[in-house]
Amino acid sequence: EADIYQTPRYLVIGTGKKITLECSQTMGHDKMYWYQQDPGMELHLIHYSYGVNSTEKGDLSSESTVSRIRTEHFPLTLESARPSHTSQYLCASSVHKADDTQYFGPGTRLTVL
Amino acid sequence: RKEVEQDPGPFNVPEGATVAFNCTYSNSASQSFFWYRQDCRKEPKLLMSVYSSGNEDGRFTAQLNRASQYISLLIRDSKLSDSATYLCVVTERTGGFKTIFGAGTRLFVKA
């Protein structure tokens, strides 16, 4: 079982609110990722990090931002939530090498009203 | 053209059937290959890595053909519990390492 955690698991919030989705892993992994996935659709990489103080944008443009101040923690923030942000957000981590098995957290299902 | 392409599915098969999924990748320099499984409304989980020599884990067999840039997953004697989406995953070396997930192929196994 992977030691990667996401909170909250479910979030229903009104338009315009600022939200932070938490992701923590206890495996000491250098690489961490955020994916966005709508029901029945494919994963889209929105942010990733190679390590502390490293953050990069993924393939899908996102209005969210991320930070990596500690190895184990990779929070994602939306300054002003909108209904178009409604989706599932999955956090993952991996060791930074070629055999790049990613371990996923359980996800946060976000609904913006 | 997508970097990783999978059979669109869905596959609807009876219990006990053998089913094969195909995946192609565009970057000939890709280094590592995996199959992940994602259950409905759950996170993806590693099913198995794929090696050039092929590998087998119980009812599951994965094969890699580097010349054709093609990966396959074979499931024998399908169970109801095999119903899920199967994701083909490829890692490329591009400065660092970049992991690309396919869109997935959904499998429904029916009694």
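Out of A:Gly40, A:Gly16, I need the residue that is assigned to a loop (DSSP other than H, G, I, E, B), at pLDDT 95 or above and over 22 Å from B:Arg93 (Cα atoms). Which one? Before the answer, list the steps.
Numbers: A:Gly40 fails: at pLDDT 95 or above.
After applying the criteria, what remains is A:Gly16.
Output the residues belonging to region B:41-72 that are closer than 23 Å to A:Ala92 by Cβ, surrounded by fewer than 18 Cβ atoms within 10 Å (Cβ to Cβ) and touching a residue at least 12 places away in the same chain (Cβ under 8 Å).
B:Leu46, B:Ser49, B:Tyr51, B:Phe60
What are the residues in region A:19-34 that are in contact (Cβ under 8 Å) with a residue 60 or more places away in the chain, closer than 24 Å to B:Leu47 by Cα and part of a strand (DSSP E or B), if any?
Just the residues of region A:19-34 that are in contact (Cβ under 8 Å) with a residue 60 or more places away in the chain, to begin with: A:19, A:21, A:23, A:25, A:27, A:29-33.
Keeping just the survivors that are closer than 24 Å to B:Leu47 by Cα gives A:23, A:25, A:27, A:29-33.
If the condition is that a residue be in contact (Cβ under 8 Å) with a residue 60 or more places away in the chain, closer than 24 Å to B:Leu47 by Cα and part of a strand (DSSP E or B), then A:Cys23, A:Gln25, A:Lys31, A:Met32, A:Tyr33 are the ones that fit.
Somewhere in region A:64-79, is a residue of a type in the set (Gly, Ala, Ser), out of contact with any Ser or Thr (no Cβ under 6 Å at 6 or more places or on another chain), away from every other protein chain (no Cβ under 14 Å) and not in a strand (DSSP E or B)?
To start, the set of residues in region A:64-79 that are of a type in the set (Gly, Ala, Ser) comprises A:64, A:67.
Remaining after also requiring out of contact with any Ser or Thr (no Cβ under 6 Å at 6 or more places or on another chain): A:64, A:67.
In the following step, the residues that additionally are away from every other protein chain (no Cβ under 14 Å) were identified as A:64, A:67.
Those still in the list that are not in a strand (DSSP E or B) too: A:64, A:67.
Yes, because at least one residue in region A:64-79 is of a type in the set (Gly, Ala, Ser), out of contact with any Ser or Thr (no Cβ under 6 Å at 6 or more places or on another chain), away from every other protein chain (no Cβ under 14 Å) and not in a strand (DSSP E or B).
Looking at (1) under 18 Å from B:Gly102 (Cβ atoms); (2) modelled with pLDDT of 95 or more, which is the one condition that is false for A:Glu22?
(1)
Name the pairs: first residue in region B:21-40 and closer than 11 Å to B:Ile100 by Cβ, second residue of a type in the set (S, T, N, Q) and part of a loop (DSSP other than H, G, I, E, B), Cβ to Cβ under 6 Å, at least 6 apart or on different chains?
Between residues of region B:21-40 that are closer than 11 Å to B:Ile100 by Cβ and residues that are of a type in the set (S, T, N, Q) and part of a loop (DSSP other than H, G, I, E, B), the close pairs are B:Tyr25/B:Gln69.
Evaluate region B:97-105: report whether one residue or more is more than 11 Å from chain A (Cβ to nearest Cβ), closer than 24 Å to A:Met41 by Cα and free of Cβ contacts under 8 Å to residues at least 60 places away in the same chain.
no
The values are calculated or read from the model by the stated rules, or taken from the named source; none is laboratory data. All values reported here derive from a predicted model rather than from experimental measurement. Cβ: placed from backbone, ideal geometry, glycine included. Neighbour counts: every protein chain shown.
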